[in-house]
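The values are calculated or read from the model by the stated rules, or taken from the named source; none is laboratory data. Since the model is a prediction, treat every value here as computed from it, not as a measurement. Reconstructed Cβ throughout: ideal geometry from the backbone, glycine too, with neighbour counts over all protein chains shown.
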Amino acid sequence: MYALRQDDRPQEDHYVHLRGATWADYQRLLELRGDRSAPRITYLDGCVEIMSPSRSHESIKSILGRLLEAYCLENDLEFSTYGSWTLEDKEAERGAEPDECYVFGRDLDPKRPHLAIEVVWTSGGIDKLEVYRKLGVPEVWYWRRGKLTPFVLRGEQYEEVPRSVALPGSISRNWCCTSSNRPRALRFERIARRWRRSADRTTHRREQTTTASSICSSRTTASDARSARPRSRSAGPTARRRRSALRRPGRRCT
């Protein structure tokens with residue numbers, strides 16, 4: 001029983017900082033790491049930060065990502081997920097990998113995400129807002145000490161705003177989100193999924209109704225066309241007698 005409680009305790013992220021690193025050093029570290037999402041590597045003005053996220057860190061960023069995606073599905077908003085997309089700018093000497101990041105709309109070749117999620121679980125790391133500022137990320141959701149705060153890039157600085165600009169109505173300043181309210185997040189996601197399935201069923205029924213109406217309309221049109229065709233008049237008694245007389249040998253029709 002004690003072992004289970006010990007496993008459930010919050011875990012801390014692990015940081016390693018390399019001072020005096022060049023941009024080439026940063027690039028070599030990215031090559032050595034490869035396509036794996038961890039550890040996450042950040043570069044700021046000659047300092048490289050290598051961070052191994054803890055289980056608690058990953059749990060919180062997953063909750064935030066799933067809530068954002070559920071909100072988009074519920075409100076029929078198009079979005080693309082890019083996870084820990086490596087964002088770089090050699091001239092600005094900045095490089096970062098967000099916990100989650102998103103692009104909204106139908107941008108097929110985005111240069112930067114429209115929104116990044118950053119979880120600060122353990123103190124002592126590089127100021128990610130300073131990194132994202134020069135990278136030009138329009139909005140950052142910054143989680144720290146159980147509070148989620150949206151920051152919007154205005155000019156050259158980030159400003160804390162009362163509500164998200166990219167997704168109005170999704171979160172407000174100091175929105176609480178901890179691993180303890182994960183069941184609430186999952187319930188919200190299930191509600192959004194049920195809503196989406198109901199909307200899909202409604203759309204399917206409408207399509208079926210439209211198809212059935214089209215078929216009935218085409219059948220009615222064909223029936224009306226057949227009814228409108230001119231019909232030959234039936235032969236009267238005089239005409240029948242004349243034809244009969246013509247068939248008899250030696251008789252003429254007068």
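Some notes on this structure:
- Here Leu32 fits the description: modelled with pLDDT of 90 or more and farther than 17 Å from Asp99 by Cα.
- Qualifying residue in the stretch 62-85 (condition: among the basic types (Lys, Arg) and under 21 Å from Trp143 (Cβ atoms)): yes
- Subset of the stretch 42-74 that is within 29 Å of Leu29 (Cβ to Cβ) and among the hydroxyl-bearing types (Ser, Thr, Tyr) - its residue that is nearest to the chain's Cα centre (by Cα): Ser62
- Residues located in the stretch 20-45, provided they are in contact with a strand residue (DSSP E or B) (Cβ under 7 Å, 6 or more places away or on another chain) and either basic (Lys, Arg) or outside any helix (DSSP H, G or I) (or both): Ala21, Arg33, Ala38, Pro39, Arg40, Ile41, Thr42, Tyr43, Leu44
- Unmet requirement for Ile60, which otherwise passes all of (1) touching an Asp or Glu at 6+ places or on another chain (Cβ under 8 Å); (2) closer than 27 Å to Gly124 by Cβ; (3) in contact (Cβ under 8 Å) with a residue 60 or more places away in the chain: (1)
Yes/no per residue for (1) without any contact (Cβ under 8 Å) to a residue 12 or more places away in the chain; (2) buried (at least 18 other Cβ atoms within 10 Å of the Cβ); (3) not hydrophobic (A, V, I, L, M, F, W, C):
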position: Ile117; (1), (2), (3): no, yes, no
position: Ile126; (1), (2), (3): no, yes, no
position: Tyr132; (1), (2), (3): no, yes, yes
position: Tyr142; (1), (2), (3): no, yes, yes
position: Gly146; (1), (2), (3): no, no, yes
position: Arg154; (1), (2), (3): yes, no, yes
position: Tyr158; (1), (2), (3): no, yes, yes
position: Ser164; (1), (2), (3): no, yes, yes
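- Test result for Gly146, within 23 Å of the chain's Cα centre (by Cα), on the phi > 0 side of the Ramachandran plot and either at pLDDT below 90 or aliphatic (A, V, I, L, M) (or both): no
- Residue selected from the stretch 166-184 under the condition buried (at least 18 other Cβ atoms within 10 Å of the Cβ) and over 20 Å from Lys111 (Cα atoms), by the criterion modelled with the lowest pLDDT: Cys177
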